[in-house]
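What follows is a set of notes on a single structure, which appears directly below.
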Amino acid sequence: MKMTRHKRVFLFFFFIFCVGFLSSDRLFGKEPLKIRVAVFRGIPEVILAVAGPFEIVDARTQVSLYRGKDLSPAKVTVTPEGLKLKGMVFTTDAFTCLPKKQAAITVNNRHYRGDVSIFKDEGGSILIVNILDLESYIKGVLYHEISHRWPMDAIKAQAVAARTYAVYQKEAMKLKDYDLTADTSSQVYGGYESEKRKTNRAVNFTYGEILRYQGRVFPAYFHATCGGVTENASELWKIDIVPLKGERACSFCLESPHYYWKAPADLKTIQKKMGARYALGGVLKNISVAERNSTGRVRTLELKDEQGASLIISAKDFRAIQGSDVIRSTNFTILLDEGRATFVGKGWGHGVGLCQWGALGMSKKGYTYKQILEFYYPGSEIVKI
Ligand SMILES: [Zn+2]
């Protein structure tokens, strides 16, 4: 029997439909990995806007609560019953705003890709979480973590490290309302407005690539400048694996403006910042290095008052208390002169994993991003997820 032209056309489109359906990411569970970033925390209200159609759903149950054509800038506040948006009170502790047809969503005037969840947080404040696919998230991170004027291989190395860190955090935080914060305590994220053409190219080029060690993703820490040698992660956190063992002699960051630093501080100010937890009996008179670790960084410091009473504090805590932008690393010596201390140090950051200025130095010398990653995370492998 001969097929009519209509039948042939129908079968052709039916075939196309089947192929499309069977190969769809949804069918094979390959939905893009979503990252949840806390973009604002502990604020009393927030301004939300959507330049096109959108839907509000309950963030816990996904039940639809409202649909709108667009949303001109509107305040979201906390009420005893739930969350209030433009005169409407949603009786839930969290809702998600889903822009449709790629409508731009802005939170406090900042443009984000993906969806935005608003949580009623502890103490009546608001937590805003941007939910977006992993690749878009990395695009919003790179510009803040590395210069888009740097050579491509340095940017690619940073893209893989940042993606690895995000995937690790997603696993570690799965029971929480978000995976990462948008500040330096995770990795700095600025949303759509932070995207640059060159950094986006580095993300696309390394699409889906992450680092693994013995088949497992690990927190691929990075920092600005190691100052000569990378740090062992176990000095700071409870993690002891080969790629984060540190002690990599790095001369690649010598050109970094953060290679050497100096921080003068009077003992009175230091003592004031120490607070009640590290209170000495009397007035702080002396501060000295008690112990250094295998990379030469300070592990502990000794503080003494005029009576000779003393206390020991870890350099990690001391740096956090005095300000990590003041005491830029734990690789320092202390000069004392009549009640004034001068910290003279090397490097900026904790020193674990990839040295960003070192990655710049390596890429200038012709090393590829894979070689850079192998140098700073030895024993790890790059896999595509
Ligand atoms: Zn370095």
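Readers should treat all values here as calculations from the given coordinates under stated rules, not as data from a laboratory. Keep in mind it's a predicted model, so treat the numbers as computed, not measured. Note: ideal-geometry Cβ built from the backbone for every residue, glycine included; neighbour counts use all protein chains shown.
Tabulated data
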item	result
Within straight-line cross-link reach of LYS69, aspartates and glutamates at Cα separation under 18 Å, skipping those fewer than 8 residues along the same chain	GLU55, ASP115
0 to 90° range, to nearest 10: angle between helix 5-22 axis and the chain longest Cα axis	20 degrees
ARG212, ARG297 arranged by Cβ crowding within 10 Å, fewest neighbours leading	ARG212, ARG297
Spatially proximal aspartates and glutamates relative to LYS198 (Cα-Cα < 12 Å; intrachain offsets below 8 disregarded)	ASP153
Peptides 62-68, 331-337, 184-190 ordered by average Cβ neighbours within 10 Å, highest first	184-190, 331-337, 62-68
Mean-position separation - Cα centroids, the stretch 246-314 and the stretch 320-385, in angstrom	17 Å
DSSP-loop GluC sites (Glu not before Pro) across the stretch 64-173, with at most 16 other Cβ within 10 angstrom	GLU81
Exposure proxy order (Cβ contacts within 10 Å, fewest to most) of TYR376, TYR369	TYR369, TYR376
For ILE385, ILE146, ILE35, order by how many other beta-carbon atoms lie within 10 Å, fewest first	ILE385, ILE146, ILE35
Within straight-line cross-link reach of LYS285, aspartates and glutamates at Cα separation under 13 Å, skipping those fewer than 8 residues along the same chain	ASP266, GLU302, ASP305, GLU306, ASP337, GLU338
